[in-house]
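Heads up: the structure comes next, in structure tokens.
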Amino acid sequence: MLPQKVARAAGTGASVPVECCQVCGHDALEIALSLGYMPPVNQMVSIGQTQRQQPWFPTDMLLCPKCELVQLGLAVDPIIIFPPEYPYTSGTTRILRDNFADLYAESSKMLRLGKDDFIVDIGSNDGTLISNFQKGGHRILGIEPTDVAKIANERGVPTIQRYFSREVGGEVRGKYGPAKVVTAANCFAHIEDVHEIIGGILEMLAPDGVFISESHYLVGLLDDLQYDTVYHEHLRYYSVGSLAYLLSLHGLEVFHVQKIPTHGGSIRVYAARRGTRPVQDSVKRMLDAEPHGDAMRQRLRTFRYDVMMSKLRLYEMISGIKENGGRICGISAPSRASTLINYVGLDAEIIDYVVEIEGSLKIGKYMPGTLIPVVEESRMFDNQPECAIIFSWHIAAELAPKLRAKGYKGQLIAPLPKPHFL
């Protein structure tokens, strides 16, 4: 029996505690990690704006011992964490652009897509992913709840601005016909009632259609200590096993899976109606390599200890810099930076500012929960702070030489998985 949807008054700011597993309904969940209370990672106040009350929510990771889904302990109203003015655009990140181009190249070949095939992208953001299918000559549609949908439409990428649901899925099929491919990249773990979402996907999907999801990978999160990706947009942290279990409840079968580099380590998963596609060896290899049962519990205990130690080690590194009058800036303001900054306790007395590339919608705002301003990146090259913390640390090896080439002379710190100077 699937867990029942918890009713909420949409748009009221109500939050719903997760009292049973979001996938299987098991009601004895175990705490894996607590990061305390956190602000929404993309609710940012403009610099100079009169300070106002902001919401903070508990941030706990819970393990379901039955289906082994790791999940957040609180579901916050989507209008709070995905407001219309949501400032994230996927097209500004090169690794995402390259990844989405690869997704199209791989899937179009594997699935032998034809020109008349219809492709739908859920959580399509600025259209970066779905535009690859558009360039390939296929019929496309993006579905995006925030005002970023307007950017996609301005670029010529057909996009409807709606929160996705079973009802929306039925409307799309009625208007456009069945979809050969439905994609959901970096959003399938974000939407609260996942069974409703899969129902909507099945409404759109042709009998021989394929659902492709990309999600942050639980095992990679644990291995690389990526606690900074734990925030309220991410309701579920999938292993291949827990994701396959979820899809199987709806008659979908995972037939191919692979690791991809986005967001510090994700999985791309192909699923179709059971029996319609041969299951590739990649599925068994990934499943066999994952911890289960007591091994998963021990892995989570080690993770919790290492998170605490990483916080203390980062403090130790930056305390000497501040004691000697050094200035510290942050490099890039991804959502994960908000979790790290607030968990570690970095404020405007420690971090002078955070830089973003020109064109970022986050410039001119404060980092969530702080008075640390986000400014255009030229500032760090002009005033040369003694130290810079790379908050997009998962691509630090790529960023560091570029920063040196642009003229930055100070120290560079990668804060995770173990804080170190570059």
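Every read-out reported here was derived from the displayed coordinates using simple, explicitly stated rules and does not represent laboratory data. All values derive from a computational prediction rather than experimental measurement. Cβ atoms come from the backbone with ideal geometry, glycine included; neighbour counts cover every protein chain shown.
Brief remarks follow.
- Extending 7 Å from Cα along the Cβ direction at GLU19 and again at LYS409 yields two label points whose distance is 6.2 nm.
- Here LYS418 is the anchor, and the lysines within straight C-alpha reach of less than 18 Å, apart from those fewer than 8 places off in the same chain, are LYS311.
- Bridgeable aspartates and glutamates around LYS284 (alpha carbons under 15 Å apart, same-chain partners fewer than 8 residues away excluded): GLU253.
- Pair-distance profile P(r), taking every C-alpha pair of region 70-222, with 10 angstrom steps and integer %: 11, 42, 37, 9, 0
- Virtual spin-label span in nm between THR276 and ASP294, 7 Å along Cα→Cβ: 4.2 nm
- Rg/Rh for region 28-82 stands at 1.11; both radii use Cα atoms, and Rh follows the Kirkwood definition.
- Counting every pair of alpha carbons in region 284-422, the share spaced more than 18 Å apart comes to 58 percent.
- Length gained when the stretch TYR163-ASP116 is fully extended (0.36 nm per residue, less Cα-Cα span): 14.3 nm
- Pairwise centroid distance, computed over Cα atoms, of region 175-237 with region 135-153, Å: 17 Å
- Taking GLU398, GLU253, GLU167 as the candidate residues, the one with maximal mean-square fluctuation in a Gaussian network model of the chain, Cα springs under 10 Å, is GLU398.
- Between the C-alpha center of region 343-380 and that of region 27-65 there is a gap of 19 Å.
- When the Cα atoms of region 1-290 are aligned to their principal axes, the ranges along those axes come out at 52, 46, 35 Å in descending order.
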